[in-house]
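The values are calculated or read from the model by the stated rules, or taken from the named source; none is laboratory data. Small disclaimer: the values here were computed from a predicted structure and weren't measured. Reconstructed Cβ throughout: ideal geometry from the backbone, glycine too, with neighbour counts over all protein chains shown.
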């Protein structure tokens, strides 16, 4: 609470232009800003401080946004680099797009049934079947579609895969956040490369577990690359790649005594070195976090969550929610007469203890 008071006093101090009469100068500056704010509310088609877009609002072009899948449309910042993906990275990026598209889900289930029927004689566990499915699904899909299987045009475009030439960015604005790659901010004191994504995974109790459990897990990472896939002019997808902390083991994530989440980036997962890894995520899935280094525990970082600018929790609008919020805000009774001075009292608004011949700064 005291910080808010000091911050407001600092704002009032910035209004001072004449140090010979600081009180009057502050009053004039405050009144001028109030008048400008009042007048700006009646100006139409004029950008003011009240109606200008947020710093991290990003681009707003509905026609261009329709060409991007998964609402991955955002505003790139800085120089655009044209790069060519290697075979492993191309498969990992393309496969992630396929696994998250609704039109591909029936074909995923079909291929899983084919793999299970083939592996009955060898009695492969579910874990091995899923690994085989992850490695070979994109090839099976391409062969099946182009062999004449009746599918939609959308599936045909996706089955051929994206262009190997991609656009690479070092900064990107999406979801109200401004993201920088780790390499771009290596010499900066600010931090914008912390990312977190909530992903659905399948957990196995052992290698031969036939009843896997699905659940949601939050993966924490450092943004290392931003690419834009191009499906030959039909669609585009923006993907983020990161160094992901291994949240599946105790040496990669833990909670401290105060309940804060801590991660260790010396033990990574989904590095992209193996074909089965998933280093890419959709840009629309990512939220921003900050990492504060723990001075007492080497290698560990405390996770600090961030909210987009100009985003406020207004509740659900129900009457019960309004009552609940109002009950949590104390409003002590005040006697307004205590703050209203008597009309008979004379106040001196100009300082008399300063020499008038004092040079102005």
The range 1-14 residues that are under 18 Å from residue 29 (Cα atoms), paired with ones that are in a helix (DSSP H, G or I) and modelled with pLDDT of 90 or more (beta carbon under 8 Å, 6 or more apart): 12/26; 12/30; 13/26; 14/29
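Given the structure, is residue 132 within 29 Å of the chain's Cα centre (by Cα), on the phi < 0 side of the Ramachandran plot and in a helix (DSSP H, G or I)? Break it down stepwise before answering.
Details: within 29 Å of the chain's Cα centre (by Cα): no; on the phi < 0 side of the Ramachandran plot: yes; in a helix (DSSP H, G or I): yes.
No: the conditions fail for residue 132.
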Condition met for residue 137 (surrounded by 11 or more Cβ atoms within 10 Å (Cβ to Cβ) and on the phi < 0 side of the Ramachandran plot): yes
Conditions (1) crowded, with 19+ Cβ neighbours inside 10 Å; (2) on the phi < 0 side of the Ramachandran plot; number of the one not met by residue 270: (2)
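With under 30 Å from residue 282 (Cβ atoms) and either without any contact (Cβ under 8 Å) to a residue 24 or more places away in the chain or within 18 Å of the chain's Cα centre (by Cα) (or both) as the only criterion, which of 43, 50, 64 stands out?
Numbers: 43 fails: under 30 Å from residue 282 (Cβ atoms); 50 fails: under 30 Å from residue 282 (Cβ atoms).
Among 43, 50, 64, only 64 is under 30 Å from residue 282 (Cβ atoms) and either without any contact (Cβ under 8 Å) to a residue 24 or more places away in the chain or within 18 Å of the chain's Cα centre (by Cα) (or both).
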